There are 2 protein chains.
Amino acid sequence: MHRKFTTLKTRPAADGFYMPAEFAPHQRCWMLWPERADIWRDRALPAQQAFALLATAIARFEPVTIGVNARQLAFARAALLPHIQVVAMGSNDAWLRDTGPTFLLNKAGQRRGVDWRFNAWGGIYSDHRRDDAVAAQVLAAERSARYRAPMINEGGALHVDGEGTLLVTEQCLLNRNRNPQLSKVQIEALLRDYLGVQKIIWLGQGVVNDETDGHIDNLACFAGPGEVCLTWCDSRRDPQYRVSHDAFERLSDARDAKGRRLKIHKLPSPGPLYMSASEAAGIVHYRGTRRVRAGHRLAGSYVNFYLANGAVIAPLLDQRSDAAALRILRRVFPRRQVVGVPAREILLGGGNIHCVTQQVPAVRRTARPQRR
Amino acid sequence: MHRKFTTLKTRPAADGFYMPAEFAPHQRCWMLWPERADIWRDRALPAQQAFALLATAIARFEPVTIGVNARQLAFARAALLPHIQVVAMGSNDAWLRDTGPTFLLNKAGQRRGVDWRFNAWGGIYSDHRRDDAVAAQVLAAERSARYRAPMINEGGALHVDGEGTLLVTEQCLLNRNRNPQLSKVQIEALLRDYLGVQKIIWLGQGVVNDETDGHIDNLACFAGPGEVCLTWCDSRRDPQYRVSHDAFERLSDARDAKGRRLKIHKLPSPGPLYMSASEAAGIVHYRGTRRVRAGHRLAGSYVNFYLANGAVIAPLLDQRSDAAALRILRRVFPRRQVVGVPAREILLGGGNIHCVTQQVPAVRRTARPQRR
């Protein structure tokens, strides 16, 4: 246990590291504990309930660790079932997908991680220093060496197939509120270097009204090598129609890093869903954070699920469409258990199940354990 | 499996049946699924989250079955983890402690149950026909013979030590909105006959503002033979002070059915807690139901826990007092795991963890299984 967890000066691809797919085996899942009264209504109590339920659902399939700010530590420990691990960790909010590290493996099965710079999606809240320090803490806890990437980025902006292909959106990765000093060519080069991918598939816009500026993880994801799930919309009057159809065309035209065409599974959009007056009434407004009002369209999407070991942990968002979404997910993932978790309280905060989770890929046992 | 589950015309005590204590072994726990928009805010979604989390917590210690109205069946099935059993069952609301049966055992370990008449605590909602039919359905599902008791009563109004002692409150059992045609002597006789108890300890008022008219299960309960937990209040200006001190005096003076004095464990009252404006805003008001307004004092109590096999499932209600309450419970129940569950959403509906659960006592294996 005398290894050092330094920050490496090299780049992952050159070191033989790449980001494995979410559908590959995990060692554990990380989350954070929500508490901000200006993001989560009613002093975050309903959201904490939702996170506790989500953690419990995931923990049926893989270990779960939750990072909690010091002042909430005792309460979170009490509110989470005993088999959920609770650790002290400072953060500004609970979106670990975006503030946590992007874990990498090499062919020997060793693990490292990328710590992206974080600016709260272009500034949804002004003080994001503790969030920017989350990834390094998770990497230290996991004893994984750290690459500090020289660009603003978030885990929710990336989906990979683990076989060389990366899926991103132009709306997010090329947004002027992220890395205005970098050209598309420079951004592509950094993504290749830090994720170990060879092929980048660019979609256009993300889900309508997504506060992350169109994170890919709310629009589309890999269901397996050569297979993607896509948020779908059949209603021409809905602005999501144009977004989903454009993404469908781009995905249909694309080839992945192995030269394969992609099989596209359509997942219907819920709703449209809106924040109700009573929900908005419970959110406190402070200076320096965006004000959310009643009637605000929520960027709900069934694509924002989490793949745990042997399971799909899927958001329940709308009783009219939940059953159809779960049915499709069962067809797309016949060897996984599809588990629904009520997720409206998470959605009210601006994201969903995928946004608040981050998998730690399983480290392969070394091929020659007895040598030495 | 050709036994008949008829309604018996006899009375339990005469048949050798008695109500076992909650701290005795359980076979399973029953709950119902909340959905009323006039009781549970925001179309009951936050409450459903809370119930799902509670069910999951209990299911770590004993099997859980949840009864769900037909129109919510698909959603509840999706929203509850797969190991929670879901069955179709009509009800008007989700207070199974009060609408479910009171299970009885005899000395041979056989099980039967009491189905009390139910009038929604004197009429909190006017149509309670489906609630009144819940107990019979649960008894049929458990293949337990049924006694239909000739009085209005609720499970939350009763706590027993399983050794002949019953704890009740005058405010509830003698309330004119329950059984005005019965004298106290007649009520005592019915309680003896239907619960198989010999000694009834009468407390006075229940927790301040308790909509059930002072159910015992929010004020005090048995922690073991000769031991009770009592909601406590040290603030003279709080009306709960008088209630708790009167109960303490009565409990101090009492002897149980075995002639023992009671050891009294004080659990501090949370808060006081009030319904916030944003919470009240999410509750729809219909004719025929009580209107709940912002500022309404909530009858929160840490005594309203559920004893599962090997565990205490305790409500988390107030971050200033939760830790102290859990600490006391760990001392009172050194051989049980004390698990906190965020319960404010349940409290907003008018009750708590004990109110929404009902244990099925474990049936002892017959001493002579091979006979016949």
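To check you understand DSSP bridge types, tell me what percent of the beta bridges within the stretch A:7-361 (both residues inside) are antiparallel, rounded to 5.
40 percent
Could you quote the convex hull projected area for the stretch B:136-248, Cα atoms only and averaged over all directions, in nm²?
Reported value for the Cα convex hull: 8.0 nm².
If we sort B:227-236, B:161-170 on the protection proxy, mean other Cβ atoms within 10 Å, highest first, what's the order?
Descending packing order for the listed peptides: B:161-170, B:227-236.
May I ask you to report, in nm to one decimal and beginning with the shortest, the distances from A:GLN198 to the same position in the other copies, taking label points 7 Å along Cα-to-Cβ?
8.5
If packing is taken as the average number of other Cβ atoms within 10 Å across a peptide's residues, how do A:276-285, B:82-91, A:121-130 rank, most packed first?
A:276-285, B:82-91, A:121-130
Per residue, how big is the convex hull around the C-alpha atoms of the stretch B:198-271? Give it to me in cubic angstrom, could you?
Residue-normalised Cα hull volume stands at 85 Å³.
What trypsin sites (Lys or Arg not before Pro) in the stretch B:141-228 are in a loop by DSSP, with at most 14 other Cβ atoms within 10 Å of the Cβ?
The qualifying sites are B:ARG143, B:ARG176.
Using the Kirkwood formula over every pair of different C-alpha atoms, what hydrodynamic radius in Å results for the stretch A:93-152?
11.9 Å
Considering every pair of different Cα atoms, what Kirkwood radius, in Å, is found for the stretch B:17-71?
12.8 Å
Per-residue mean of other chain beta-carbon atoms within 10 angstrom of the beta-carbon, peptide B:49-59?
6
Quick one: Debye curve from the alpha-carbon atoms of the stretch B:195-344 only, equal weights, vacuum; give me log10 I(q)/I(0) at q = 0.12, 0.15, 0.19 Å⁻¹ to two decimals.
-0.55, -0.83, -1.21
For the stretch A:264-332, go through all pairs of different Cα atoms, get the mean of 1/r, take its inverse, and jot down that Kirkwood value in Å.
It is 14.0 Å.
In which sequence would B:VAL207, B:VAL363 go, from the one with the fewest C-beta neighbours within 10 Å to the one with the most?
B:VAL363, B:VAL207
With each pseudo-label sitting 7 Å past Cα toward Cβ, what's the A:ARG327-B:HIS245 distance in nm, one decimal?
In this crude spin-label approximation the distance works out to 6.4 nm.
If you take each beta carbon of peptide A:272-279 and count the beta carbons of other chains within 10 angstrom, what is the mean?
Taking all residues of A:272-279 together, the mean is 3.
Fewest first, what order do A:ASP42, B:ASP93, A:ASP246 take by the number of other Cβ atoms within 10 Å?
By the 10 Å Cβ count, ascending: A:ASP246, A:ASP42, B:ASP93.
Tell me the distances, shortest first, between B:HIS245 and the same position across the other copies, using label points 7 Å along Cα→Cβ, in nm to one decimal.
Listed shortest first, these distances are 7.5 nm.
Once phi is turned into θ = phi - 60°, what whole-Hz ³J(HN,Hα) does the Karplus curve with 6.51, -1.76 and 1.60 give for every residue of the stretch A:50-64, x standing for Gly and Pro?
Each residue of the stretch A:50-64 in turn: 5, 5, 5, 5, 4, 4, 5, 5, 5, 5, 6, 10, 7, x, 10 Hz.
Under the Karplus relation 6.51 cos²θ - 1.76 cosθ + 1.60, θ = phi - 60°, what is the ordered set of whole-Hz ³J(HN,Hα) values for the stretch A:212-217, x standing for Gly and Pro?
So the J values, rounded to whole Hz, are 7, 6, x, 3, 4, 6.
Percentage of Cα-Cα pair distances in the stretch A:1-111 greater than 19 Å, rounded to whole percent?
Here the tail beyond 19 Å accounts for 54 percent of pairs.
Can you give the mean number of other chain Cβ atoms that lie within 10 Å of the Cβ atoms in peptide A:34-46?
The mean count of partner-chain Cβ atoms within 10 Å per residue comes to 3.
Could you name the lysines whose alpha carbon sits less than 16 Å from that of A:LYS107, not counting residues in the same chain fewer than 8 places away?
none
Taking N as the number of residues in chain A, what is its alpha-carbon radius of gyration divided by 2.2 N^0.38 Å?
That ratio works out to 0.93.
From the label point of B:ARG320, set 7 Å along Cα to the beta carbon, how far off in nm is each other copy's matching point, shortest first?
Distances to the matching label points in the other copies: 4.4 nm.
If you add up the charges near A:LEU307, with Lys and Arg at +1 and Asp and Glu at -1, over every other residue whose beta carbon is less than 11 angstrom from its beta carbon, what do you get?
With Lys, Arg at +1 and Asp, Glu at -1, the neighbours total -1.
By a straight-distance test (C-alpha under 24 Å), which lysines pair with B:LYS184 as possible cross-link partners, with residues fewer than eight away in the same chain excluded?
B:LYS9, B:LYS199, B:LYS258
Under 5 Å between amide H atoms, partner at least 5 residues away or on a different chain: which partners does A:VAL86 have, H built in plane at 1.01 Å?
A:ILE66
Binning at 20 Å from 0, report for the protein assembly as shown what percent of all alpha-carbon pair distances ends up in each bin.
Using 20 Å bins, I get a P(r) of 17, 46, 27, 10, 0 for the protein assembly as shown.
What does the charge count around A:GLY224 come to, taking other residues whose C-beta lies under 9 Å from its C-beta (Lys +1, Arg +1, Asp -1, Glu -1)?
Overall, the nearby charge balance is -1.
Using the eigenvalues of the Cα gyration tensor, what equivalent ellipsoid semi-axes result for the stretch B:256-372 when each is taken as the square root of five times the eigenvalue, whole Å, largest first?
34, 21, 14
Taking θ = phi - 60°, what integer Hz values does the Karplus form 6.51 cos²θ - 1.76 cosθ + 1.60 yield along the stretch B:144-156, in sequence order, with x for Gly and Pro?
Karplus values, whole Hz, x for Gly and Pro: 10, 5, 10, 9, 9, 7, x, 7, 6, 6, 9, x, x.
Add -39500 (n - 2.57) for each DSSP H run of 4 or more in chain A, then divide by its residues: what number comes out at 222 nm, to the nearest 500 deg cm²/dmol?
Using -39500 (n - 2.57) per qualifying helix, the result is -6500 deg cm²/dmol.
Residues of the stretch B:297-326 with backbone nitrogen within less than 20 Å of a virtual label 7 Å along the Cα-to-Cβ line of B:ARG237, please, listed as ranges.
Output list for this probe position: B:297-300, B:320-321.
Please list the non-local residues whose amide H lies under 5 Å from the amide H of B:TRP116, H modeled 1.01 Å from N, same-chain partners needing a gap of 5 or more.
For B:TRP116, the qualifying residues are B:THR102, B:ALA149.
Readers should treat all values here as calculations from the given coordinates under stated rules, not as data from a laboratory. These numbers come from a predicted model, not from an experiment. Using ideal geometry, Cβ is built from the backbone for each residue, glycine included, and neighbour counts are taken over all protein chains shown.
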